[in-house]
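See structure below.
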Amino acid sequence: ECDWSSDVCSSDLKVKDFNRKELGDLVFDNKVKLKELNKLMHPLITNEIKKEIKKRKKNIVIDAALFKELGLVKLVEKVILIKTSKANTIKRLSKRFSKKEIDKIYGLRKEVKSDIVMINNTTKKDLEKKIRILLVKLVLE
């Protein structure tokens, strides 16, 4: 049931286009509402990822912030965790979120058991290069 915001859900429980900032304001300070939102969204996200896996039938990369929470670990052969310093995380998040929201997001983080850990404290271009090299190595294994 989605009774907490007509701005986020329509009467038939379909997710509408919404303002992420407004949604963040609505759920970040309310664990019950965040849990309700996750209960609504996680199955939808997981189903879309499963469809994409079946459609491609070859090596794919799943980029998901809530990888563990979505139950995606059991769908993959290898987990690659990309980490960055707290300072970089805050700097990157500050482009989209308020300080209060960043504190909440950072507090919600959970480490995923991983097969490979990459450190990302440089540019997006540099990270993409490292990922391409790693993916080639993994395909050749």
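The values are calculated or read from the model by the stated rules, or taken from the named source; none is laboratory data. In this text the structure is predicted, and so the values were computed from the model without any measurement. Reconstructed Cβ throughout: ideal geometry from the backbone, glycine too, with neighbour counts over all protein chains shown. Surface areas here come from the heavy atoms of the whole protein model, side chains and all, with no ligands, DNA or RNA. Shrake-Rupley method; radii C 1.70, N 1.55, O 1.52, S 1.80 Å.
Just a few scattered comments:
- Residues in region 85-101 that are closer than 23 Å to Val117 by Cα and assigned to a helix (DSSP H, G or I): Lys86, Ala87, Asn88, Thr89, Ile90, Lys91, Arg92, Leu93.
- Among (1) in contact with a Leu (Cβ under 9 Å, 6 or more places away or on another chain); (2) modelled with pLDDT of 75 or more; (3) open to solvent by less than 100 Å² (accessible area, probe 1.4 Å), the one test that Glu36 misses: (1)
- Per-region count, region 42-84, residues outside any loop (DSSP other than H, G, I, E, B), open to solvent by 100 Å² or more (accessible area, probe 1.4 Å) and closer than 26 Å to Lys130 by Cα: 2
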